[in-house]
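K.L.:
First the structure, which I've put down as structure tokens, then a few questions once you've had a look.
The values are calculated or read from the model by the stated rules, or taken from the named source; none is laboratory data. This is a predicted model, so every value here is computed, not measured. Every residue, glycine as well, gets a Cβ built from its backbone with ideal geometry; the counts of neighbours run over all protein chains shown.
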Amino acid sequence: MRGARVTLALDIPRLETARLILRAPEPADFDPLCAFLTDPERSWGFGTEKDRPTAWRWFALNIGHWALRGYGYFTMALRETGQPCGLTGIWAPEGWPEPELGWALFDGFEGKGLAAEGAQRARAWAYQDLGFETLTSNIVPGNDRSVALAERLGARFERSYQNVHMGEDMLYRHPGPDELGLGLDDADGNPEAYA
């Protein structure tokens, strides 16, 4: 029926850290995401969308990714205010070499350690709850801030490859759960447990 509201039940967990909530995308998240995705200076290393309608398609694509894969990008929101501040999660659309741990911060939230905090929690969830044994981060050459963060998370450059959407990408391999000492008892939301 045209115009009918359809509710799709997705099992998207709510994860917490000291300063963040990682949660399912909500309609109110679209405006800050759209501002990020349509700003070429901010989103070039993540993937820039040309306008609001194509940014909306990416927003819907992420929700579809959750439905098809059982994981995707969480909205990162500040615990104190609930304000969306970025994205982090596991991404593996068709054409990706393997599942990727990704992150992006919205304007005004850089330089506070939020991407590292969120990515550590998302990585721990992927290892402990989804059973992943490895993850990569795929980084466009020249995105020095993402390289620095990947290395801070313990990831090491493995190889370059041709990304189906971004062209040349550098694949960084994250340490596995055993290397990080992640046992099932560590899933308490404490970001220090995931460093």
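K.L.:
Looking at ALA115, ALA104, ALA150, ALA122, which is the one that is aliphatic (A, V, I, L, M), under 18 Å from ARG69 (Cβ atoms) and not in a loop (DSSP other than H, G, I, E, B)?
P.N.:
ALA122
K.L.:
Further, regarding this structure: Any chance you could count how many residues in region 60-100 are surrounded by fewer than 18 Cβ atoms within 10 Å (Cβ to Cβ) and part of a helix (DSSP H, G or I)?
P.N.:
7
K.L.:
Considering ALA104, ALA126, ALA155, which residue is more than 20 Å from ARG14 (Cα to Cα), of a type in the set (Gly, Ala, Ser) and at pLDDT 95 or above?
P.N.:
Sole residue among the options that is more than 20 Å from ARG14 (Cα to Cα), of a type in the set (Gly, Ala, Ser) and at pLDDT 95 or above: ALA155.
K.L.:
Another one. Quick one: would you say LEU22 is part of a helix (DSSP H, G or I), touching a Phe, Trp or Tyr at 6+ places or on another chain (Cβ under 8 Å) and of a type in the set (A, V, I, L, M)?
P.N.:
no
K.L.:
Checking the conditions here, which among GLU179, GLU151 is surrounded by 13 or more Cβ atoms within 10 Å (Cβ to Cβ), among the charged types (D, E, K, R) and at negative phi?
P.N.:
Answer to the selection: GLU151.
K.L.:
Can you list residue pairs whose Cβ atoms sit under 9 Å apart, with the first residue in region 119-137 being closer than 21 Å to ALA77 by Cα and the second being acidic (Asp, Glu)? Count only pairs 6 or more apart in sequence or on different chains.
P.N.:
What qualifies is GLN120/GLU192; ARG121/GLU16; ALA124/ASP186.
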